[in-house]
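Quick notes on the structure that follows.
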Amino acid sequence: MFEFLIEYGLFLLKAVTILAAIILVISFAAATKKGGKQEGLEVEDLNKKNKDLSDGLQKAILHKDEWKALMKSDKAKVKSDAKKKKSRPKVYVIDFIGDLKASAVPALREEVNAILNVAKKNDQVLVRLDNHGGVVHEHGLAASQLVRIREKNINLIVMVDKVAASGGYLMACVANKIYAAPFAILGSIGVIAQLPNFNRLLDSYGVDFEQVTAGQYKRNVTMFGKNTDEDRAKLKDQLEEVHDLFKSSVSDYRPTMDLDKVATGEHWYGKKALELGLADEIKTSDELLIEMGKKYDIFSVKFKVKQPLKKRLMSGVDSLFARFEDIKWRRKFESQLPR
């Protein structure tokens, strides 16, 4: 039996080594690819992008004479609009795709900086948010970047096509208005801490775990030591404190919401989220942008952050683990869908 355990342990060690090597190779390739991108701001006219797509389709399906007539009409309209010299208000679109560490915050900071330097009173900022949350302080900082927009009295819209849960909803609730797609996930206003404990396993092999701290609560619940009820109670108090901060932030921006109903850690889909006040209107980002394009000039604003190779390598590894966590998280919700 002991020999079997040794062989099994060696097999696991080899498997882990191979997996680590694969992750390192993939991370290096991803980091090298990222290295070619120049740091800086990228701006795209989304109204023009939509028109180019429509023109491409019309050119393919219309008769040659019809296409020429359409182009002539468009040119006349553009010329007429130019003579009027009437500048329309702008909508600045930011895309934020979250992960456990909210690693898109540096780019978000620069995007917000750029927009706040040029946005006028009647302009708006629309954030297309896809974020299932993660580390508290990282997502708190991400939410603070959106608060800067509110504080400048610029209308802030958050659009949730897929998910804004936990730290993602901490960001979403800052908005003046939240749109959600019919099956978007919102909520999960709660806090969690979980870790395995190997103390009994170590005991069975006669391994002692020593931990020396200065300060009564420098460390409470641990992975390798023996946890006490006092340790667990202290951790519970800390989680409750963070939960209270979370609820307070939601209440500040959505004061009419019944927190007793929604701050339970549960999540809801679009229409139910609307009923509970987690969202203000059911609509996809595509519908919203087409609708707004009739009155506003719409621009996508993206900041590319260039990082040193070492940091890109580490971020590549982090992103792989974050992706695994993301898959696990999404499966949790998919498993609850009717089959």
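Just so it is clear, none of the values below were taken in a lab; they were calculated from the coordinates. Computed from a predicted structure; not experimentally measured. Here the Cβ positions follow ideal geometry from the backbone for every residue, glycine too, while neighbour counts run over all protein chains shown.
In the range 40-137, Rg over Rh equals 1.13, where Rg is the alpha-carbon radius of gyration and Rh the Kirkwood radius from pairwise Cα distances.
Taking a point 7 Å from the Cα of residue 228 along the Cα-to-Cβ direction, the residues of the range 182-217 with backbone N closer than 20 Å to it are 197-200, 203, 208-217. Each residue, residue 43 and residue 86, gets one label point 7 Å from its Cα in the Cβ direction; the gap between the two is 2.3 nm.
Over the range 139-179, Cα pairs under 8 Å with separation of 6+ residues give a relative contact order of 53 percent. Across the range 89-107, the residues whose backbone nitrogen lies under 17 Å from the label position 7 Å along the beta-carbon direction of residue 114 are 90-97, 104-107. Modelled label positions at residue 183 and residue 208, each set 7 Å beyond Cα in the direction of Cβ, lie 5.8 nm from each other. Annotation: Cα Rg of the range 111-180 relative to the compact-globule expectation 2.2 N^0.38 Å equals 1.06.
For the set 86/121; 162/271; 49/79; 49/77; 177/304, the pairs lying more than 21 angstrom apart at their alpha carbons are 177/304. With R₀ fixed at 22 Å, the C-beta to C-beta distance from residue 240 to residue 276 puts the FRET efficiency at about 0.50.
Ordering of 177-188, 222-233, 88-99, 51-62 by packing is 177-188, 88-99, 222-233, 51-62, highest average first (other Cβ atoms within 10 Å, averaged per residue).
Normalised by residue count, the range 122-262 yields a Cα convex hull volume of 149 Å³ per residue. Taking amide H atoms as placed 1.01 Å from N in the peptide plane, the amide H of residue 266 lies under 5 Å from those of 188, 189, each 5 or more residues away in sequence or on another chain.
For the ranges 205-212, 155-162, 299-306, what's the packing order if you count other beta-carbon atoms within 10 Å of each residue, average per peptide, and put the highest first? Mind dumping the intermediate values first?
Values: 205-212: 8.1, 155-162: 22.5, 299-306: 16.4.
Highest-to-lowest ranking by the protection proxy: 155-162, 299-306, 205-212.
Between residue 60 and residue 266, how high is the FRET efficiency from 1/(1 + (r/R0)^6) when r is the Cβ-Cβ distance and R₀ = 35 Å? Nearest 0.05. Given R0 = 35 Å and the Cβ-Cβ separation, E is 0.15.
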